[in-house]
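I have placed the structure first, in the form of structure tokens, so that the comments after it can refer back to it.
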Amino acid sequence: MTIRELATLLGSDLIEYAVGNEEISHVATINEARSGAVTFIANPSYEKFLATTKATAVIVSAALEIPQQEKIPALIRCADPYAAFSKTLAIFNRRKNIFRERIHPSAVISSSAKLSPSSSIGAHVFIGDDVVIGDGTAIHPGAIIYDGTVIGRNVVIGAGAVIGFDGFGYAPDAKGEFTKIPQIGNVIIEDDVEIGALSTIDRATVSHTILRQGVKLDNLVHIAHNVEIGEYTMIAAQTGISGSAKIGKRNQIAGQVGMVGHITTADDVVIIAQSGVSKSITKSGTYFGAPAKEFRTALRQEGAIRQLPELLEKVKELEEKIKKLEKKD
């Protein structure tokens, strides 16, 4: 398409350094782009590439000031360049038809499962008894959906994900052995949820494990039994949330975070990567560390720990001075 056609689709009529009829054929990063590519700048640290990029067009913010330079690619100015680029990726997406058949012939689907006619089921998917799958939901190859799982509309379940396997429940006996606790609840996944490849969501012991509307899980995330994830929360890879935790709305949980069971988090909480959450978080904000604490407090403590070697050296020097003074006395 032409630059002007793309700009129109993005809702922009602000084109600079171009007539608008130049053709673009693909999407690329700004530092790897070649002729025919469209790219974007949302982070100020990438503005330096504007002078060297070979892209035909660059999506930028309406407020970006352009430095004086000889060669400037065509600019499409948008209020939110990141959102505009996301829309551009959708326009140029060549993977739209990943499901060539609505239900792949190798899928195993229980006769009691209820699937929307507009859902898509990939190769080697297993769907158990009494599963419900809503409109527009796509389940990628190798995923396993166990009995009783309820999946809403426009849900994406990544390859190899396991939904509804037993929660990790055992009771110790007098001999020191463990007896399995039956897991008779289910998993409920509301509308517009995305679950990454190889993620696991355990069925509840009783009642439900719930992912509320708009939740996004990265690959390799584990959600234990009876956990509830609030609306529009995002969780990055290798995070594990223990049983019966209740996560608030619009939380952002980074990679390799561990959370103990039976705790809660407030709405609008950000937890930085590799943090360990050992108690409930009752106020919105950013948290870091193991155990996790308010971000500025964690930074001060981290800074103090880094100064310990120098402080120890100073203490040793003072001890030596004191010893010398004592010898003189």
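When you filter the GluC sites (Glu not before Pro) in segment 35-119 for DSSP loop state and at most 16 other Cβ atoms inside 10 Å of their Cβ, you are left with E65, E70, E101.
When only Cα pairs below 8 angstrom with a gap of at least 6 residues are kept, segment 71-214 shows a relative contact order of 16 percent. Ellipticity at 222 nm from helices only: DSSP H runs of n ≥ 4 in the chain, each -39500 (n - 2.57), divided by the residue count, give -5000 deg cm²/dmol.
For I98, the accessible area of its heavy atoms, probed at 1.4 Å with every protein chain present, is near 80 square angstrom. When peptides 22-33, 114-125 are sorted by average Cβ neighbour count within 10 Å, with the highest value leading, the order is 114-125, 22-33. FRET efficiency for K175 and D129, Cβ-Cβ distance as r, R0 = 45 Å, nearest 0.05? So, using R0 = 45 Å, E works out to roughly 0.80. Note on Y146: accessible area is roughly 70 Å² with a 1.4 Å probe, heavy atoms of protein only. How big is D for segment 62-147, in µm² s⁻¹ as a whole number, if Stokes-Einstein is applied with the Kirkwood radius of its Cα pairs at 4 °C and 1.567 mPa s? In µm²/s, the coefficient is 79. Among beta bridges from DSSP that stay inside the chain, the antiparallel ones total about 10%. On the principal axes of its alpha-carbon atoms, segment 272-329 has extents of 59, 17, 16 Å, going from largest to smallest.
Please go through the residue pairs K180/K246; K216/K283; K48/K71; K249/K283; K246/K279; K216/K246 and name each one whose alpha carbons sit more than 19 Å apart in this structure. Long pairs (Cα-Cα over 19 Å): K180/K246; K216/K283. Rg/Rh for segment 209-329 stands at 1.30; both radii use Cα atoms, and Rh follows the Kirkwood definition. Counting only DSSP beta bridges whose two residues both lie in segment 101-216, roughly 10 percent are antiparallel. Under the simplified labelling scheme, the Y82-Q307 pair shows an inter-label distance of 3.4 nm, with each label point 7 Å from Cα along Cα→Cβ. The Cα center of segment 229-278 and the Cα center of segment 31-107 differ in position by 31 Å. Given +1 at the Cβ of Lys and Arg, -1 at the Cβ of Asp and Glu and no other charges, the dipole of the chain around its Cα centre is 640 debye to the nearest 20. Size estimate for the chain follows the Kirkwood approach: the inverse of mean 1/r over distinct Cα pairs works out to 23.6 Å. Estimate the FRET efficiency between K71 and N219 by the formula 1/(1 + (r/R0)^6), using the beta-carbon distance for r and 30 Å for R0, to the nearest 0.05. E(calc), rounded to 0.05, equals 0.15.
The values are calculated or read from the model by the stated rules, or taken from the named source; none is laboratory data. Treat the numbers as computed from the prediction; the structure is a model and nothing was measured. We place every Cβ from the backbone using ideal geometry, glycine too, and count neighbours over all the protein chains shown. Side chains included, ligands, DNA and RNA excluded: accessible areas come from the protein's heavy atoms. Shrake-Rupley method; radii C 1.70, N 1.55, O 1.52, S 1.80 Å.
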